[in-house]
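Okay, structure first, notes after.
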Amino acid sequence: MIVKVGAARGYNELLGGKDGLGSRAVLAALSELLPKLSVAAKANAAFVHRAVGAAAAAGVRQYLDLGCGLPAPGGRTVLASAREHQPDARVVYVDNDPSVMANARAIFAVPGSTSCVEADARDVPRVVAAAGELLDFNQPTAIIMAALIHFWPDDQDPRDIVREYLAAFESGFLILSVACDDLLSAEVRAKALELYAQLAPIYPFSSAAILKLLEGLDIEEPGLVEASKWRPDSPLELDVGDAQFLAAMARFSGGGPGA
């Protein structure tokens, strides 16, 4: 597996959690290099809940959360955000980290409304088969890939993996966020990748590469933007510095078992 166990714990620590388990020294060094990294991570997490709310308001009742990670501080879940608009919403949580899934089963589980699948998100057939025990492939579904794809190297064809998921469902939304290195100097980028590799190998994308992932999809307003700028709850702008997660929600259709 490419993604090391430390990835989920490190991200949780950036969000203000206490599950760093050895990641704190690395994150301290990263934060010296990218002082706004924690702000950017929190902005990304907040984007996910706004996008889930937007999908639910548009009528979506099913969610596939790929690389769900550890529960964020404050206890907010994808199911809770969806149920603000869709009281019968259902969520399948997926992660390849056994400790993440142990937490997910303890905290996320709602009988009949959620399932927790321990699998690598790149194993699309396995994930889709497990998700099918709770989700209806013919119903609109939001597929969440938040802070995930940048852990997949180019030779694993991230775009093809995304398309495999979209093809499995009849219609819905792709909720996507990806670490973007557009603002990083070559020196800072190299040092950041060296440090983060102690948690997990990471392969940030350019904005052009992220747009290519979304090619052919109907990208919802405001398009592909830094996560804090995606339909913000507050008019106050966040300063995330050079540490960007670019985020978007895109509508898809025409997939599913009957296509």
Placed amide H near Asp182: partners under 5 Å, 5+ positions off or other chain: Ser207
Region 147-259, relative contact order in percent, only Cα pairs under 8 angstrom and at least six apart counted: 43 percent
Estimated FRET transfer efficiency when R0 is 41 angstrom, pair Ile219-Ala25 (beta carbons, to 0.05): 0.60
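Around Val52, under 12 Å between beta carbons, what's the net of Lys plus Arg minus Asp minus Glu among the other residues?
Neighbour charge sum, excluding Val52 itself: +3.
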Calculated FRET efficiency, Lys212 and Arg251, Cβ-Cβ r, R0 22 Å, to nearest 0.05? 0.80
Residue with peak Gaussian network fluctuation, the chain [Cα springs, cutoff 10 Å], from Gln244, Gln198, Gln156: Gln156
What residue among Gly67, Gly112, Gly241 has the largest mean-square fluctuation in a Gaussian network model of the chain, using Cα springs under 10 Å? Gly112
Only helices at least 27 Å long along their own axis, judged from Cα atoms, and with Kyte-Doolittle mean hydropathy of 0.0 or greater: name those in the chain from DSSP H. 37-57
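Quote the relative contact order of the chain in percent (integer), defining contacts as alpha-carbon pairs under 8 Å separated by 6+ residues.
Answer for the chain is 24 percent.
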For a quick check: with amide H placed at 1.01 Å from N, whose amide H comes under 5 Å from Gly172's, ignoring anything fewer than 5 positions away on the same chain? Thr141, Phe252
Residue of Val110, Val60, Val78 that the Gaussian network model of the chain assigns the largest fluctuation, springs spanning Cα pairs under 10 Å: Val110
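Only helical DSSP H runs with n ≥ 4 go in: add -39500 (n - 2.57) per run for the chain, normalise by residue count and round the 222 nm mean residue ellipticity to 500 deg cm²/dmol.
Result for the chain: -10500 deg cm²/dmol, rounded to the nearest 500.
Need the full-extension length gain, Ser185 to Ile107, defined as separation in residues times 0.36 nm minus the C-alpha distance. One decimal, nm.
Result: 24.1 nm gained on full extension.
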Using amide H atoms built 1.01 Å from N in the peptide plane, name the residues 5+ places from Ala243, or on other chains, whose amide H lies under 5 Å from its own. Lys36
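Just so you know, all these numbers are worked out from the coordinates, no wet-lab data involved. Here the structure is a predicted model, which is why all the values come from computation and not from measurement. Quick reminder, even Gly has a Cβ in these numbers, built from the backbone with ideal geometry, and neighbours come from all protein chains shown.
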